[in-house]
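The values are calculated or read from the model by the stated rules, or taken from the named source; none is laboratory data. On a predicted model such as this, the values are computed, not experimentally measured, just so you know. Neighbour counts run over all protein chains shown; Cβ positions are idealised from the backbone, glycine included. The area values use the complete protein model at the heavy-atom level, side chains included, leaving out ligands, DNA and RNA. Shrake-Rupley method; radii C 1.70, N 1.55, O 1.52, S 1.80 Å.
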Amino acid sequence: TVISIDNPLASLIPSGEGSSFLVKTMASQILNSETTVMEYDLQEASKMNSGLLFPLVFLYFLHFKMKQVQPLLMQTASGISNLIYSPLFQVYVLGRNVQRPFRPKPNDALMQAMGPQSEPTTDDESQIDSTVTEEPTVEDIDEEEE
């Protein structure tokens, strides 16, 4: 089965008439590719393997040189979590049908940065937002009880 992998950079090229159409066509041919399911899965598996080297070296340093145990436990727990939620694990071990190409994991900080900017507030709204309600203190609670 052949799947098409679209690069998000292809959408950044403006579409139009004339020479920009030629540029858009050439860029889409370079940035977008077709591959088989097996090749795509092998590429994703190699990406996962290459992402393990730095954490292993860092954990080696923390555990054996700095005598820290907590990062070892945290990395083990997050590694198991990443494995279970991995699309390749879900396809080959759990037998689920996952659409390829796999959707990238959303990065919360990146999504917030790319999110819509808040609209400027009017004077009425800023006055409402500027009123701060204070939490009652111990003295206030004692006065209410009396």
Margin query: Any residue in region 87-99 that is hydrophobic (A, V, I, L, M, F, W, C) sitting within a Cβ distance under 6 Å of a residue that is open to solvent by 60 Å² or more (accessible area, probe 1.4 Å)? List the pairs, counting only those 6 or more apart or interchain.
Written below: PHE89/LEU83
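Of everything in region 107-125, what is within 25 Å of PHE58 (Cα to Cα) and either open to solvent by 100 Å² or more (accessible area, probe 1.4 Å) or modelled with pLDDT of 90 or more (or both)? Give them in sequence order. So that I can check it myself, show each step before the final result.
Of region 107-125, the ones within 25 Å of PHE58 (Cα to Cα) are 107-110.
Across region 107-125, the qualifying residue is only ASP108.
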Next item on the list: Check off (1) open to solvent by less than 60 Å² (accessible area, probe 1.4 Å); (2) assigned to a helix (DSSP H, G or I); (3) modelled with pLDDT under 90 for ILE3 and give me the number that stays unchecked.
Entry: (2)
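Could you list, in sequence order, the residues of region 58-68 that are part of a loop (DSSP other than H, G, I, E, B) and surrounded by 10 or more Cβ atoms within 10 Å (Cβ to Cβ)? Step through it out loud before you land on a result.
From region 58-68, those part of a loop (DSSP other than H, G, I, E, B) are 66-68; that's our starting set.
Within region 58-68, GLN68 is the sole residue that qualifies.
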Next item on the list: Any chance you could count how many residues in region 32-57 are hydrophobic (A, V, I, L, M, F, W, C), open to solvent by less than 100 Å² (accessible area, probe 1.4 Å) and within 25 Å of ASN97 (Cα to Cα)?
Entry: 3
Notebook entry, point to check: If we scan region 78-90, do we find a residue that is at pLDDT 90 or above and either part of a loop (DSSP other than H, G, I, E, B) or surrounded by fewer than 10 Cβ atoms within 10 Å (Cβ to Cβ) (or both)?
Noted result: yes
